[in-house]
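Input: a single structure, listed below in structure tokens.
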Amino acid sequence: MNIIHKIIMKATFDINNIIRPTIKALKPYSSARDEFQGVTDDMVFLDANENPFENGVNRYPDPQQGKLKTILSEIKGVSTKNILLGNGSDEVLDLVFRAFCEPNVDNIITLPPTYGMYNVLANINAIGIKEVLLTEDFQPQVEKILNEADAQSKILFLCSPNNPTGNSFNASEMEVLLNKFQGLVVIDEAYIDFSKEKSWIHRLEEFPNLIVTQTLSKAYAMAGIRLGICYASAEIITVLNTIKPPYNVNELTQIKAVEQLNIKDLAKNQIADILEEREVLVSELNGIYFVSKIYPSDANFVLAKVDDATKRYNQLIKKGIVIRNRTTQPGCENCLRFTVGTTAENKILIKALKDL
Ligand SMILES: *Cc1c(COP(=O)(O)O)cnc(C)c1O
């Protein structure tokens, strides 16, 4: 696409055209901590009806998660004004639906086989779903997607690296979609830290319709604390802030995330170990007689085609190993998804597969 075309496309994107009218008119709840912000430790807080006896969690958490956002901002190289945090990616995505998709009017576009939560959230919010299957090698069908889109198509979900397939989408095709799709493009980067592809978080200024979601649940080893991250333009972040529950990220989560993220090289080293183990797993799977195809993975799991997925799944369960059977997903007939575990766990898996 030439530069002039690009500029014209972008000039047409205006957040005011896609925000729901009710949300535009909304006056947000103002919490005690919103109304007084000059907080220092030596002050006496008698404004929020908290219990005054200290136990580490007797006070409401910081509604804007200042410390945690500052650390993430440094790690990821994105300004805090472009970051919103939520109770897992699921909450972040739900906020996006509620801000921009009018129930019983608007629709979203998803690209199966992909993460099931987009359709679930659409159904919860009474939003239509247009599905455009990925190609046989699990890439978006750009023309088909753009043809399928209508004036009510508010969000296009691109999961890259994609779950359950494990591959990354072609970056130049994603760029075409960002330029031509008239609504928001959500790029779900739950697995980006395992990937050799670049994150899209550094291109927010270029694409005003871009929302990138990440999570501490996978590479950062904190699925239990529920911390989802949304990166977008300051305008989009402001809208989402208006509708988010005031104290949506609890104090224990904020403390644990700060503590773990401050451990130098922790995630980096674990990611390196997992990637090494992934290669071992792939080469071992290659030697299993009933495995017919192993899909390339840019994530911490591997999708493989076998002779009979349900039979093999049940056999592994009997041996005390739980994997994911993806056979009912379009394009994933007889496919199993293996999460990369520790060296010891992977050895147990491989031995079990060899014994079948
Ligand atoms: C695991 C996963 C997430 C993470 O969701 P959280 O709610 O943050 O745990 C998001 N998207 C995809 C595609 C995932 O596989």
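When the criteria are applied in full, Gly86 meets the requirement of being touching a strand residue (DSSP E or B) at 6+ places or on another chain (Cβ under 6 Å) and closer than 22 Å to Thr253 by Cα. Taking the stretch 204-233 as the range and being more than 16 Å from the chain's Cα centre (by Cα) and closer than 17 Å to Leu93 by Cα as the test, the residues that pass are Asn209, Ser233. Within the stretch 192-233, the residues that satisfy the criterion of being within 14 Å of the ligand (Cβ to nearest atom) and closer than 20 Å to Phe97 by Cβ are Ile211, Val212, Thr213, Gln214, Thr215, Ser217, Arg226, Leu227, Gly228, Ile229, Cys230, Tyr231. Entry remark, the stretch 226-239: residues being touching a strand residue (DSSP E or B) at 6+ places or on another chain (Cβ under 7 Å) and either in a loop (DSSP other than H, G, I, E, B) or more than 16 Å from Ser79 (Cα to Cα) (or both) number 2 in total.
Name the helices (runs of 4 or more DSSP H) wholly inside the stretch 76-162 in which the number of residues that are modelled with pLDDT of 95 or more and either under 22 Å from Ala232 (Cα atoms) or within 12 Å of the ligand (Cβ to nearest atom) (or both) is 3 or more.
Working: elements: 88-100, 117-124, 142-148.
The helices (runs of 4 or more DSSP H) meeting that bar are 88-100, 117-124.
Yes or no: the stretch 246-265 includes at least one residue that is out of contact with any strand residue (DSSP E or B) (no Cβ under 8 Å at 6 or more places or on another chain) and closer than 23 Å to Phe338 by Cβ.
In the first step, residues of the stretch 246-265 are kept if they are out of contact with any strand residue (DSSP E or B) (no Cβ under 8 Å at 6 or more places or on another chain); the result is 246-247, 250-265.
Now drop any that are not closer than 23 Å to Phe338 by Cβ, which leaves none.
The answer is no, given that none of the residues of the stretch 246-265 is out of contact with any strand residue (DSSP E or B) (no Cβ under 8 Å at 6 or more places or on another chain) and closer than 23 Å to Phe338 by Cβ.
Residues in the stretch 150-205 that are charged (D, E, K, R) and in contact (Cβ under 8 Å) with a residue 40 or more places away in the chain: Asp150, Lys154, Lys180, Asp188, Asp193, Lys196, Glu197.
In the stretch 252-275, of all residues being under 16 Å from Asp62 (Cβ atoms) and surrounded by fewer than 16 Cβ atoms within 10 Å (Cβ to Cβ), the one that is nearest to the chain's Cα centre (by Cα) corresponds to Val258.
When Arg33 is tested against (1) buried (at least 17 other Cβ atoms within 10 Å of the Cβ); (2) modelled with pLDDT of 95 or more, exactly one condition is not met: (2).
The values are calculated or read from the model by the stated rules, or taken from the named source; none is laboratory data. No experiment lies behind these values; they were computed from the predicted model shown. We place every Cβ from the backbone using ideal geometry, glycine too, and count neighbours over all the protein chains shown.
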